[in-house]
Every structure is written in structure tokens, then in C-alpha cells.
Amino acid sequence: EVTLDADSPGIQHYVIQVAPLSGEATTQNNRQDVYIEVLDNRQKILLLANSPHPDVSALKQAIETNKNYQVTTAYINNFNGAVRDYDLAILHGLPSAVNNASTVLGQLKSANIPLWFIVTAQTALSSLNQAQNIVQINGGGGNPNEAKADFQRNFSLFTFENELVQNLLTLPPLQAPFGQYKAAPTAQVLLKQKIGTVNTDYPLLVLEQASGYKMAVLCGEGLWRWRLYNFKQQQSHDAFNVMMSKIVQYLSVKNDKRKFRVNMPKT
């Protein structure tokens, strides 16, 4: 048995050859040419931010612990890439007051690329409300709310282990914009906001898949605090990494749209 590294995608040519023995009638069958096609099936994630922020680094490090994901970090003012190259776009602080990102958003939606909005103090809430319809935030201004995560056990898009749920309940608060929140009837709320000791109906993390198009909104910033707290409590970032990976996996996985399937019993 021979194990070969798939270092680069494309057609790889390998030659298997054995040394001839004394008295062989022919050596033509001592060589075999093998061609193997290496496919790059890594999911490509675009992490597009309005400006530098510690959340960006925390997200990138968490996502890339899974070797199936490749993260490209960019800032909206100098981004000129092709959005069709990505399987998911995470928009941090966008659309903002100084850049509504309308061109990029239009390209992402035209290409049917799933979106994850992360709301920050730089987010223009009116533009955000126009860019998506799974959660509407009205008001804004003033000091942000200190919003802790309140896990919703009726969430059904994917599962969380009990240990991970307990970690969620102890995480430090995120900075969520002050205002009125309303989630769409078709949206699935994973986390609600707990402000002080009050459990509110305001969504903190909400996801939706409408007509096959996946989207998520995290209504607050400060994920880097979650990552540091996780390490302080458990001397590892595993819980934070798993949490982010579950969200990214759900959003980025492609739906199987094949119309015809055949399942054969094992013999």
C-alpha cells in the first residue's frame, strides 16, 4: 500500500515500475502508468468586513480548523474578487453608513451565494433591513445592549450537544444595537437576547432557508470575547470552533437537487 499526498488539484501522473528479474521473457509488463484526478472540494468562504475587527480573526481561525474550509478575508473598500468563486459570504459590519455594499450584495444574490450578516456598530440598520428580510431592526442610536445568548431548544435546522448548549448559556454578552427587533415568521431563531436578567423575544442569531436560499443574521458583535472566554474556561477553543463550524456548514452546504435517486440494498 502506498499513500500519496494530494498537494494540488488536477490530473496527476504516477509511474509504478518494478525491477526486472533475471531470465524474464519480457519486461514490458513491469511498468504501469496511473492517472489520478485530484479534485479541490474545499468550501470557499468569503469573510468581507467593513473595517478591521477582532471578530474577523476569531471567525477565520475557528472556520479554518476544519480543513474542508478555505477562508478569504477582505475589506469592502478594496475588494475586487469574483463572488461566484465562493460558497458562502460572511459580511461583518456591512452594509455600513460609509459603504452600502450594494454592488457586492447584488452580485452575491444574483449568484445565489448564501449570506451571513454580522451586525456591528458600523452597520447601517436601514440598509441591512433592505438587504435581508429574516430580521428587521428598527430604532438604533444610543448605547448598544449587552445581550447574552439565550439558546432556543425548539431550533431544528441542526443539533447542538448538551455540553455545547451549556457553554452557550455562560458566554459573555455581545454588543447588540439598541432598538426593536422582529424575526420573520419563516425564520428559525437559534439564540435570543438576554439583557441583564430579562429573557427577551429579540433574536440574537437567526437563520432561514427561503426557496432554497440560505441566510443568517447575528445581531451583535464581540465573537472574539466568546473565543477568549472559551479558552479561559476550558483551555481550548474547541467549543467556539464547533459552534462556528456548525453555522458555516449549514449555510455553505449545497442542496442535493438531483431529481432521481436509486438506493440498492447491500448484498
- Query: Loop-only check: which trypsin sites (Lys or Arg not before Pro) in region 84-155 are DSSP coil with at most 11 other Cβ within 10 angstrom?
  - Reply: Arg153
- Task: Mind giving me the nanometre distance, one decimal, between the label points for Leu228 and Ile195, set 7 Å out from Cα along Cα→Cβ?
- Result: 2.5
- Message: Could you tell me the center-to-center distance, by alpha carbons, between region 181-222 and region 1-48 in angstrom?
- Response: 49
- Query: Who wins for biggest fluctuation among Val71, Val198, Val56 in a Gaussian network model of the chain, springs between alpha carbons below 10 Å?
  - Reply: Val198
- Message: So if I take the alpha carbon set of region 1-154, get Rg, then get Rh from the Kirkwood formula, what is the Rg over Rh ratio?
- Response: 1.27
- Query: So if we plug the beta-carbon distance of Gln61 and Asn112 into 1/(1 + (r/R0)^6) with R0 = 30 Å, what FRET efficiency do we get, rounded to 0.05?
  - Reply: 0.60
- Message: Between Arg153 and Glu1, how high is the FRET efficiency from 1/(1 + (r/R0)^6) when r is the Cβ-Cβ distance and R₀ = 45 Å? Nearest 0.05.
- Response: 0.45
- Query: By the scheme Lys and Arg +1, Asp and Glu -1, what is the net charge of all other residues having a beta-carbon under 14 Å from that of Leu157?
  - Reply: +2
- Percent antiparallel among DSSP beta bridges (both partners in the chain, rounded to 5): 65
- Message: Compute the angle between helix 223-234 and the longest alpha-carbon principal axis of the chain, please, reported from 0 to 90 degrees and rounded to the nearest 10.
- Response: 70
- Item | Counting DSSP beta bridges with both ends in region 1-87, the antiparallel % (nearest 5) | 55
- Note on the structure: To the nearest 20 debye, region 24-146 has a Cα-centred charge dipole, built from +1 on Lys and Arg Cβ and -1 on Asp and Glu Cβ, of 280
- Using DSSP loop states and a limit of at most 15 other Cβ atoms within 10 Å to flag GluC sites (Glu not before Pro), what is the longest stretch of the chain containing no flagged site? 162-267
- The set of residues whose placed amide H lies less than 5 Å from the amide H of Ala124, leaving out same-chain residues fewer than 5 positions away, is Ser96, Ala97
- Message: Taking all protein chains in place and a 1.4 Å probe, what share, in percent, of the accessible surface of the chain do carbon and sulfur account for?
- Response: 49
- Query: Rule-of-thumb check for region 190-257: C-alpha Rg over 2.2 N^0.38 Å?
  - Reply: 1.33
- Query: Computed FRET efficiency, Cβ-Cβ of Gln70 and Ala184, R0 22 Å: what is it to the nearest 0.05?
  - Reply: 0.10
- Query: Of Lys67/Lys192; Lys60/Lys254; Lys148/Lys232, which sit over 23 Å apart, Cα to Cα?
  - Reply: Lys67/Lys192
- Item | Degrees between helix 238-252 axis and first principal axis of the chain (Cα, 0 to 90, nearest 10) | 80
- Message: Give me the 1.4 Å probe accessible area per residue for the chain, excluding ligands and nucleic acids, in Å².
- Response: 58
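The values are calculated or read from the model by the stated rules, or taken from the named source; none is laboratory data. On a predicted model such as this, the values are computed, not experimentally measured, just so you know. Every residue, glycine among them, receives a Cβ derived from its backbone with ideal geometry; neighbour counts consider all protein chains shown. Please note that ligands, DNA and RNA were not included when accessible areas were found on the heavy atoms of the full protein model with its side chains. Shrake-Rupley method; radii C 1.70, N 1.55, O 1.52, S 1.80 Å.
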